[in-house]
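S.K.: First the structure, then my questions, so here it is.
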Amino acid sequence: MHPALGLLPIIPAIPHADRDFGIFSEEEAHKHDLLNEMEHRLKVPVEVVLLLFGLANARVEFSAIGEATLLVLLGLLLGKPIGILLMGWLAAIPLGFGLPAGMRVADLFILGCVAAIGFMVSLFVATVAFEAGAVQNAAKMGALLSIGAAGIAILAGRVLKVEKRDQPVDAYSLDNTSETDGDTVVSR
């Protein structure tokens, strides 16, 4: 087993609420189970460590720009937004699966732009896909430069007037929310 997966079997054993609204949901602020508390307290330190880990393990000279750099950038900056937009539209409109409440088709493009930030996974794939050398370094440089997708996502979000919308609350989430009482999870 890869060392990165070492703690994975422990996660299901950590006391947690019966419903997860997502780390960015306002409802999560009212959850006080152990897993939720750990998630919120460790979010920023883990992000900092991941950034430092990525930079330290990239081992790329900033002069290592080549054809692979351009190909990786095009794949991330054009391929992901266009692919997510087209496949999302295909699933939502022609196939009739619909979109989540409050989401528009234009929002799919913004999601694609955010997904184009291919920092950690792209670095890992470049390391595995290419032998050590100039091509691998150029591909890693493309992955590092994909951080520019964040600016593209912000700009596209402003142009397409993406804004935070209140999510409708369903009856299940109101009736079955949980709180912790000491170490025990109690359902209201």
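S.K.: Pick from the range 50-101 the residues that are at pLDDT 85 or above and among the aromatic types (Phe, Trp, Tyr): which of them is farthest from the chain's Cα centre (by Cα)?
M.R.: Phe97
S.K.: Another question, then. Can you tell me which residue is least open to solvent (accessible area, probe 1.4 Å) among those in the range 102-138 that are within 22 Å of Ala153 (Cβ to Cβ) and touching a residue at least 60 places away in the same chain (Cβ under 8 Å)?
M.R.: Step by step, filter the range 102-138, then rank; the result is Leu123.
S.K.: Could you tell me whether Ile93 is out of contact with any Gly (no Cβ under 7 Å at 6 or more places or on another chain), under 23 Å from Arg59 (Cα atoms), of a type outside the set (D, E, K, R) and open to solvent by 80 Å² or more (accessible area, probe 1.4 Å)?
M.R.: On the way: out of contact with any Gly (no Cβ under 7 Å at 6 or more places or on another chain): yes; under 23 Å from Arg59 (Cα atoms): no; of a type outside the set (D, E, K, R): yes; open to solvent by 80 Å² or more (accessible area, probe 1.4 Å): yes.
Considered against the rule, which asks whether it is out of contact with any Gly (no Cβ under 7 Å at 6 or more places or on another chain), under 23 Å from Arg59 (Cα atoms), of a type outside the set (D, E, K, R) and open to solvent by 80 Å² or more (accessible area, probe 1.4 Å), Ile93 comes out as no.
S.K.: What's the number of the only condition in (1) part of a loop (DSSP other than H, G, I, E, B); (2) touching a Gly at 6+ places or on another chain (Cβ under 8 Å); (3) modelled with pLDDT of 85 or more that Ala138 fails to meet?
M.R.: Of everything listed in (1) part of a loop (DSSP other than H, G, I, E, B); (2) touching a Gly at 6+ places or on another chain (Cβ under 8 Å); (3) modelled with pLDDT of 85 or more, Ala138 misses just condition (1).
S.K.: Then there is this: What residue, among those in the range 139-167 that are of a type in the set (D, E, K, R) and without any contact (Cβ under 8 Å) to a residue 24 or more places away in the chain, is surrounded by the most Cβ atoms within 10 Å (Cβ to Cβ)? Step through it out loud before you land on a result.
M.R.: Going through the range 139-167, the residues of a type in the set (D, E, K, R) turn out to be 140, 158, 161, 163-166.
Restricting the remaining residues to those that are without any contact (Cβ under 8 Å) to a residue 24 or more places away in the chain gives 158, 161, 163-164.
Details: Arg158: 10, Lys161: 8, Glu163: 7, Lys164: 7.
So the residue we want is Arg158.
S.K.: Part of a helix (DSSP H, G or I), at pLDDT below 90 and in contact with a helix residue (DSSP H, G or I) (Cβ under 7 Å, 6 or more places away or on another chain), is that true of Ala126? Show your work before the answer.
M.R.: Working: part of a helix (DSSP H, G or I): yes; at pLDDT below 90: yes; in contact with a helix residue (DSSP H, G or I) (Cβ under 7 Å, 6 or more places away or on another chain): yes.
In short, yes.
S.K.: Please work out which residue is modelled with the highest pLDDT, limiting yourself to the range 1-39 and to residues that are under 16 Å from the mean Cα position of the chain (by Cα) and open to solvent by less than 80 Å² (accessible area, probe 1.4 Å).
M.R.: So in the range 1-39, the residues under 16 Å from the mean Cα position of the chain (by Cα) come out as 21-25, 39.
From what is left, the residues that are open to solvent by less than 80 Å² (accessible area, probe 1.4 Å) are 21-23, 25, 39.
Working: Phe21: 69, Gly22: 67, Ile23: 61, Ser25: 70, Glu39: 78.
Among those that are under 16 Å from the mean Cα position of the chain (by Cα) and open to solvent by less than 80 Å² (accessible area, probe 1.4 Å), it is Glu39.
The values are calculated or read from the model by the stated rules, or taken from the named source; none is laboratory data. Treat the numbers as computed from the prediction; the structure is a model and nothing was measured. Ideal geometry is used to build each Cβ from the backbone, glycine not excepted, and the neighbour counts take in all protein chains shown. The area values use the complete protein model at the heavy-atom level, side chains included, leaving out ligands, DNA and RNA. Shrake-Rupley method; radii C 1.70, N 1.55, O 1.52, S 1.80 Å.
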